[in-house]
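The values are calculated or read from the model by the stated rules, or taken from the named source; none is laboratory data. For clarity, every value in this text was computed on a predicted model and none was experimentally measured. Here the Cβ positions follow ideal geometry from the backbone for every residue, glycine too, while neighbour counts run over all protein chains shown.
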Amino acid sequence: MSVDYAAQILEGSHRAAARLISWLEDEDERAYECMRKLYPHTGRAYVVGITGSPGAGKSTLTTALTRVIRKSGLKVGIIAVDPSSPFTGGALLGDRVRMSELADDPDIYIRSMATRGFLGGMAKAAADVVRVLDALGKDVIVIETVGVGQDEVDIVGVADTTCVVMVPGLGDAIQSMKAGIMEIADVFVINKADHPGSDMLCAEICARLDMDAQLRERGWVAPVNKTVAVEGVGLDEMWLSIESHRKYLLDSGRFYDNRRERISREALRMIHGELFRVVREQLEQNGRLDAAVEQLMNRKLDPYTLMRDIVTDWLSSSQCKRRRDEDTQS
Ligand SMILES: Nc1nc2c(ncn2[C@@H]2O[C@H](COP(=O)(O)OP(=O)(O)OP(=O)(O)O)[C@@H](O)[C@H]2O)c(=O)[nH]1
Ligand SMILES: [Mg+2]
């Protein structure tokens, strides 16, 4: 009989979780069988996102924060998303070394994921891995991701509380504020507060928060925390900020609304991915796409008509197939 990985994960087996995540990475059909069994047992963990520029101290913060969370007995899962850029190729190793001091604690599970793995895209992968750690019985899941590009914005959609890490003296503060960082931050963290300029950065962020009426209207003004992650300074306060954001979400009903929106977005994304895969496979098999591209090139056909025709044909062929299936059953 085959091993029941889902049951093992529900009992807290880290080994079974690691196996399932590898399957997810490979889009192995066995992964989905397992995920279907786990789904009813998920949705319980609280998800914290930690994002910021490369080298801001996200891994060090994650490690120090985890130590604080563990003091209250809560179990922690950590997902470190490694950008696939060759320039930061060393980060994964750095994370391992930095976080290795946590590895002896059986109530902590750490998983690094490279963005170049996971064929179905980062956002789906992160949501899947969150569910695995959730089913594994972790109470808090911390996701570390570098805050550049679209993927990370999607990751924000996975977290209940998003912490944006900034460092003094980089001069990029104002720029990141322009790039929508103000809107996604539930908690600001000024790390490396042992470096000069942290008071100024703090004042800049607060001024921006004061100025922006839209941000004020949200009902939650992101607190600004100062930390020295390497020394574990300011981490208790950071955890308090996260907890009060959680309380705000629960009291205001936003928690439910956010999760609902997330589930709906995710379901649509999954349907989109699968439909696209099926249609594309069909087009490649019957050679229709190649033929159509030729016609598009010659301007004998336009892509608008092609799109409509393909969808119409696909719908009618799947309806025919369903009728045939029903006929054979009856
Ligand atoms: N002085 C000082 N150094 C820090 C602090 N926090 C982290 N560092 C150092 O900053 C460097 C980067 O820290 P990481 O935790 O790897 O930063 P990261 O944001 O995870 O980096 P990437 O994952 O590569 O983007 C390391 O050398 C840390 O020791 C701090 O509060 N003060
Ligand atoms: Mg890191």
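Here Gly117 fulfils each of the conditions (1) within 12 Å of ligand 1 (Cβ to nearest atom); (2) modelled with pLDDT under 90; (3) small (Gly, Ala, Ser) apart from (1). Between Lys226, Lys192, the distinction of being of a type in the set (Lys, Arg), buried (at least 20 other Cβ atoms within 10 Å of the Cβ) and either touching a residue at least 60 places away in the same chain (Cβ under 8 Å) or on the phi > 0 side of the Ramachandran plot (or both) belongs to Lys192 only. Just one of the numbered conditions (1) under 20 Å from Ala127 (Cβ atoms); (2) more than 25 Å from the chain's Cα centre (by Cα) is not true of Arg259: (2). For the range 203-233, the tally of residues that are at pLDDT 90 or above, over 20 Å from Ala159 (Cβ atoms) and in a loop (DSSP other than H, G, I, E, B) stands at 1. Sort out which residues of the range 279-310 are surrounded by 12 or more Cβ atoms within 10 Å (Cβ to Cβ) and under 30 Å from Ala125 (Cα atoms), and write them in order of number. Across the range 279-310, the qualifying residues are Val279, Gln282, Leu283, Leu289, Ile310. Every condition in (1) among the charged types (D, E, K, R); (2) at pLDDT 95 or above; (3) on the phi < 0 side of the Ramachandran plot holds for Asp186 except the one numbered (2). For Arg262, the conditions (1) surrounded by fewer than 16 Cβ atoms within 10 Å (Cβ to Cβ); (2) over 13 Å from Leu61 (Cβ atoms) are fulfilled apart from (1). Could you go through the range 22-35 and let me know if any residue there is within 30 Å of Lys247 (Cα to Cα) and either of a type outside the set (S, T, N, Q) or surrounded by fewer than 18 Cβ atoms within 10 Å (Cβ to Cβ) (or both). Yes, the range 22-35 contains a residue that is within 30 Å of Lys247 (Cα to Cα) and either of a type outside the set (S, T, N, Q) or surrounded by fewer than 18 Cβ atoms within 10 Å (Cβ to Cβ) (or both). Restricting the first member to the range 35-56 and to residues that are in contact (Cβ under 8 Å) with a residue 12 or more places away in the chain and among the basic types (Lys, Arg), and the second to residues that are part of a helix (DSSP H, G or I) and buried (at least 18 other Cβ atoms within 10 Å of the Cβ), the beta-carbon pairs closer than 7 Å and six or more apart or on different chains are Lys37/Ala6; Arg44/Asp134.
Every residue in the range 39-60 that is surrounded by 21 or more Cβ atoms within 10 Å (Cβ to Cβ) and either among the small types (Gly, Ala, Ser) or more than 30 Å from Ala193 (Cβ to Cβ) (or both), please.
Ala45, Gly49, Gly52, Ala56, Gly57, Ser59
May I ask you to list pairs of residues, at least six apart or on different chains, whose Cβ atoms are under 7 Å apart, with the first in the range 5-33 being more than 14 Å from Ala125 (Cβ to Cβ) and the second being of a type outside the set (S, T, N, Q) and outside any helix (DSSP H, G or I)? From residues that are more than 14 Å from Ala125 (Cβ to Cβ), the pairs are Ile9/Leu136; Gly12/Leu136; Gly12/Gly137; His14/Tyr109; Ala17/Tyr109; Ala17/Leu136.
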